[in-house]
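Every number in this text was worked out from the coordinates using simple rules, so none of it is lab data. What you see is a predicted model; the values in this text were computed from it and never measured. Note: ideal-geometry Cβ built from the backbone for every residue, glycine included; neighbour counts use all protein chains shown.
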Amino acid sequence: QVQLVESGGDGVQPGGSLRLSCSISGNIESIYAMRWYRQAPGEQREFAARIISGSDKTNYADSVKGRFTISRDNAKNTVYLQMNGLQPEDTAVYYCNADGGMGHFNVWGQGTQVTVSS
């Protein structure tokens, strides 16, 4: 019953910033954690960031730590990924993920393209 829609992906120059949004609908209260993943061309999907519901505890992959920030606005039913200091290796499709916990569900959005070049 949870649905996710990502937005905010764009082309950006190295060193630039971008903020991705994940709009959440459905049984939001059932979500244990929200995650951002990314998948670069020809590579496996990679974990980027996580935020735990309630506590708002965050977790980051080493590749993005210090540059990316995951946050949540409960009033807007939206999770964000603020990306600073973007580099070409950050080019990927970025996916929002909702984890229901206890093996209940794992829902993915459609993805949004981020391209860092020039």
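For region 18-66, the set of trypsin sites (Lys or Arg not before Pro) satisfying both a DSSP loop assignment and a count of at most 14 other C-beta atoms within 10 Å is given as 57, 65. Subtracting the Cα-Cα distance of residue 3 and residue 59 from their residue separation scaled by 0.36 nm leaves 17.9 nm.
For residue 91, nonlocal amide neighbours, meaning residues 5 or more places apart or on other chains whose placed amide H falls under 5 Å from its own, are 116.
Of the GluC sites (Glu not before Pro) in region 27-87, the ones in a loop by DSSP (not H, G, I, E or B) with at most 15 other beta carbons within 10 Å are 43. Go through 110, 13, 24 and say which Cα lies farthest out towards the positive end of the charge dipole of the chain; charges sit on Cβ, +1 for Lys and Arg, -1 for Asp and Glu. About the Cα centre, the residue reaching furthest to the positive side is 24.
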